[in-house]
1. Calculate how steeply helix B:182-197 sits against the longest principal axis of the alpha-carbon atoms of chain B, using the helix alpha-carbon long axis, and give the answer as 0 to 90 degrees to the nearest 10.
2. What does the charge count near residue B:113 come to, summing +1 for each Lys or Arg and -1 for each Asp or Glu among other residues with Cβ under 12 Å from its Cβ?
3. Which whole-number percent gives the relative contact order of segment B:197-271, counting Cα pairs below 8 Å spaced six or more residues apart?
4. How far is the Cα center of segment D:50-72 from the Cα center of segment C:284-356, in Å?
5. Classify segment A:80-234: rounded, prolate or oblate, from the alpha-carbon gyration tensor (a ≥ b ≥ c, eigenvalue square roots; a/c under 1.5 rounded; otherwise prolate if a/b is larger than b/c)?
6. I need to check one value: relative contact order of chain C, counting alpha carbon pairs closer than 8 Å and at least 6 residues apart, in percent.
7. When the helix-only estimate is applied to chain D (DSSP H runs of n ≥ 4, each -39,500 (n - 2.57), divided by the residue count), what is the mean residue ellipticity at 222 nm, nearest 500 deg cm²/dmol?
8. Mind checking the alpha-carbon convex hull of segment A:262-329 and giving the volume per residue in Å³?
4 protein chains.
Amino acid sequence: MSYNTFGRVFRFTTWGESHGPALGAVVDGCPPGLTLSEGDIQPFLDKRRPGQSRFTTQRQEPDQVRILSGTFEGRTTGTPIALHIDNVDQRSKDYSEVAKAYRPGHADYAYDAKYGFRDYRGGGRSSARETAARVAAGAVARAVIPEVSILAWVEAIGGDAIDYANFDAGEIGNNPFFCPDAEAAKRWEVLVDGARKSGSSLGAVVACEATGVPPGWGAPLYAKLDSELAAACMSINAVKGVEIGDGFAAAALTGEENADAMRPGNDGKPVFLANHAGGIAGGISTGQPVRVRVAFKPTSSILTPVETVTREGEATEIMTKGRHDPCVGIRGVPVVEAMVALVLADQKLLHRAQIG
Amino acid sequence: MSYNTFGRVFRFTTWGESHGPALGAVVDGCPPGLTLSEGDIQPFLDKRRPGQSRFTTQRQEPDQVRILSGTFEGRTTGTPIALHIDNVDQRSKDYSEVAKAYRPGHADYAYDAKYGFRDYRGGGRSSARETAARVAAGAVARAVIPEVSILAWVEAIGGDAIDYANFDAGEIGNNPFFCPDAEAAKRWEVLVDGARKSGSSLGAVVACEATGVPPGWGAPLYAKLDSELAAACMSINAVKGVEIGDGFAAAALTGEENADAMRPGNDGKPVFLANHAGGIAGGISTGQPVRVRVAFKPTSSILTPVETVTREGEATEIMTKGRHDPCVGIRGVPVVEAMVALVLADQKLLHRAQIG
Amino acid sequence: MSYNTFGRVFRFTTWGESHGPALGAVVDGCPPGLTLSEGDIQPFLDKRRPGQSRFTTQRQEPDQVRILSGTFEGRTTGTPIALHIDNVDQRSKDYSEVAKAYRPGHADYAYDAKYGFRDYRGGGRSSARETAARVAAGAVARAVIPEVSILAWVEAIGGDAIDYANFDAGEIGNNPFFCPDAEAAKRWEVLVDGARKSGSSLGAVVACEATGVPPGWGAPLYAKLDSELAAACMSINAVKGVEIGDGFAAAALTGEENADAMRPGNDGKPVFLANHAGGIAGGISTGQPVRVRVAFKPTSSILTPVETVTREGEATEIMTKGRHDPCVGIRGVPVVEAMVALVLADQKLLHRAQIG
Amino acid sequence: MSYNTFGRVFRFTTWGESHGPALGAVVDGCPPGLTLSEGDIQPFLDKRRPGQSRFTTQRQEPDQVRILSGTFEGRTTGTPIALHIDNVDQRSKDYSEVAKAYRPGHADYAYDAKYGFRDYRGGGRSSARETAARVAAGAVARAVIPEVSILAWVEAIGGDAIDYANFDAGEIGNNPFFCPDAEAAKRWEVLVDGARKSGSSLGAVVACEATGVPPGWGAPLYAKLDSELAAACMSINAVKGVEIGDGFAAAALTGEENADAMRPGNDGKPVFLANHAGGIAGGISTGQPVRVRVAFKPTSSILTPVETVTREGEATEIMTKGRHDPCVGIRGVPVVEAMVALVLADQKLLHRAQIG
């Protein structure tokens, strides 16, 4: 089945291919009366926009969003919000090689195995270009949860991690890597440049923190907040792993080391002495910052020829020319933020559905 | 919101508390005509059953399942299958301490913050006892996907990992740890015994492999096979991380290292030269083994007193007496297998809905 | 597909066959803290219970409900509520005829055409016995919407309608027909007795009114309040038509005749001068009483032999012996009430999800 | 909640307001490889298009559909199909009266009661203009069910019904009323002209028949084929009643009169001697024609002043100037066909999900 809708009460549906005329999202279930215009959405798209540095794909897309429905006089009406982004730089090129042979690591073979037929231009529906629609929808989600701040950054590229002692949130916007550690950013410049020039690619880890989430959002058992976050982040192109709080590191701890002890706070709510849990217990938020880590594999498009097969089952080699991100995880930062916002907006509405 | 249903076409709904009279699952959407009796389900429950060794909780539950609907003359009818398991060893004890103070790492505070009210006996709905219902439902799922074999094992306990050079699937059933490495099993005996005796607990990593999944199952974009697996596994009690294929390790690779090259196979389908992707590309199965890794945190119930607060906001200390698993990840093995089976059964039916 | 769950946020799933050991419902998404015990549910089951007069089936079922989860100390916890009803009077009889030949008007042929296999004992899953589970779930729904009063009655049997000039709500409980018109009740006694004695059956129309629904519940466009009510009522066994407000009569009116004019009310809300719309405009409640009419076909089980075919495709005749309602619409009254309650509870929670 | 998606496996989501820049639908879950271009969709939109005779609204909309995604080289790819229709004749007019006072019979008051805020231009989201998107989606659905023929017609206008003895399917396209009875069409010309000239309006009944539906589509219990059809048709603007087969007339029959007897057919399948059931038993198709009847209320926009209230709660009178259909049921014909097609396409895919 094709399933292009995410969410339960606050829902969005995306459509569009890499090389079609446009792409978009329909956001449904948004509360009425929220201030919303294109100007509230565009800055997030601009963060994700390609072609802004030599470290991302050189495809030039303005990614100008238009709101086609669901607002009136600058406010949401509570009816579906259609977000529309035109594709303008679908470069005319020769796709005959991609049409014929399967690029390893790409969805080419899987799509053909499933559908028997695919739009191979630029990856079609499987292209990360779809994430523009998510980022636009995520901006609407942020309007639903003004009490929450969401911030993501790149934590490691190609195995080279930041030093959290150097963490400076203000630094994230100062470099093309969404890197909060100025030292690491300098190293990554060399690292990513090297990969780019050699036609190679690198993986990355993105971390995201949502502060201001009140205790109580989430749901046992199959709409747990962490379960929804895992689904949301794992659905992003190139993602291969998701952690909440300490994640896999928690598997190496003892119960004593992993305990998030509590003390009475001044406002009657507990103060936690640690946050191994990443702000979620039993699938429900605890009021601590919600913490997610996401692993992006290296871009599968590389200039080194790799053995593969054709649609007809013949052996061949393929190298992926064209415009690609040397490290797709970098532009994953605004996408992770968007998905976290979309999950939290949905959970907020679900919470008040049941609790009032 | 409370959301206790999982799946899209093949769905199951679970109910029941740790100390209520019973728990169960309703499995809906199952194809008709499949051979199914209690005898097909019980062996999986027996794997998960507590009280079988000194390394798991000493609560004695026979976990005898009854099928109350949906089968006739030993075959499924296509109507909902009600699975019922009585609780028999809800030990009568004093819950006044748990009722009053929040156990760190448990869902106690989050439930109270959400619902303002909770069944505190044995953790109520947040108890891992609910996973018995998942395992029962998972056995039905296996009947839907006879072409698939699913096998999980414990890969590491408390940071002590197996050596894959020693991997022997036949060994998994020979020790109380679902450990495929006989050497590691011996070490873990000492390790877990130590934790048990000192009232401590340990985390674990569970790995799972599904072979026989044909290429083509899955769906762009928000019902991707990996996204569904992530949601399914992250919804298990105590899970804090999920990886597909190389997972976080892929984030440290280059594109060349991560490429799963293909060669023509004898049957016309490609033969893959590696499986970094864990059998999934673009959210769709490739025909390679589907590989998932799941991180379980250490059991939060420990005998060391930890600072916490009472419902009234007073400072206190709590240590969790009672019957607990020193390493909850061990009994997670049949639960992970069940969740993987449930996702794959659903995806198989979704696939033929769209493709025929 | 089998789909045995109804609702979006407030959901229930039913299971069980006519002649299985038990049947039940799992109600999920219920707000926490509501007072709920078996005693709150049983009176509604007692209204639907068979064997209470000679005008309904003589099957004797106490329909005693047990709550197996989701409540604690007499209040809902917000987790799934499992409702369990044992079958006790599955009379042992010879089903060989029903197993072999299709009863016209029943689901026998359709089930075999779909599933290739069916539990033919008493109709299996297609039996109206399943509606006991709906009535139990409906009682939980009523606890969610204390502001709403729901009342249904039989408006016509076999084409003989009540006179609304004689309408007396107090009369509904005074006769075995849920008839608000004492005169009509007397006529129906003769009518239904005649049908019963001759082995025939009669259709009926059930009307239902929900007062106290505030303006604003409902949703454009595919979860409209009227659309959900239509789905809910059409899903009841033997129902062939649903009307909101004037229904088909509105199709014969002019716009002037059909207008529900408004005047300012004392409380700031409009007072409506008519209710042709049945309390719903644009899929959203207006604050007027919500009015639904439901058509029940005559029971398909009759003692007159009817031409039919066997599973092997041979011509035969069948007459349906056994215990049947001569007018299945009568016991439809508590079922319609339950379905209306379930829809309204869901819509109340959906409304506050979006609006807060 | 706002809920603008319909369907379970084959799903569509609509968006757009009467006076916004455009409207559209996203169709998801469509099987791949189906021939589909704008030319396959446009004819259905042309049937629904306003301004084609003096008996419908004079708003001039070309309703030209564009496919923005989901097809490649003239065939569906299995990914979401975005259908886009520009609004071109949003006449600039003075909406101050509608903004201020509630039009009786319209959704004005209900929307304000729900959302506290609405796009009042031309009814905004509650306008029947949205049905253009349904008709476009319905054309895609037809491609999914080539084995089924769907035909709808107007059966009665303002209480004046056709004579089925005169039924001629070929006649339906010969008059502006989708009327299969040439005599009735002549009478309706006078009738509707009278209503139009006097600024009044008329209700209508639309009948629809789907032939070629194989036995076995549908699902117990809450996705019954009839339940889904009821929800689908009741969600259409101005609809107040839905019947399957004999509908309310069945409530006046005896079991003998209502029996659909069967005889062996030449192909092994039964031949039915009647179709009181409308092709559905137990929620599952029987292979007979599926028959639905739908009641449309008269257009609420009339030139006769009606008492109403303002947003501020003041008494006033309103008459609805502007461009309106004197009988909205007429243009309901292609909309009913579309909704029936959409339900059947979904049920076909759901059936093969479970049964294979």
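1. 20 degrees
2. Charge balance in the 12 Å sphere: +2.
3. 11 percent
4. That distance is 39 Å.
5. It is oblate, given that a/c is not under 1.5 and a/b is not larger than b/c.
6. 22 percent
7. Per the formula, -8000 deg cm²/dmol.
8. 175 Å³
The values are calculated or read from the model by the stated rules, or taken from the named source; none is laboratory data. In this text, all values refer to a predicted model and were calculated from it rather than measured experimentally. As a convention, Cβ positions derive from the backbone with ideal geometry for all residues, glycine included, and neighbour counts pool all protein chains shown. Heads up: the accessible areas ignore ligands, DNA and RNA and are worked out on the full protein's heavy atoms, side chains in. Shrake-Rupley method; radii C 1.70, N 1.55, O 1.52, S 1.80 Å.
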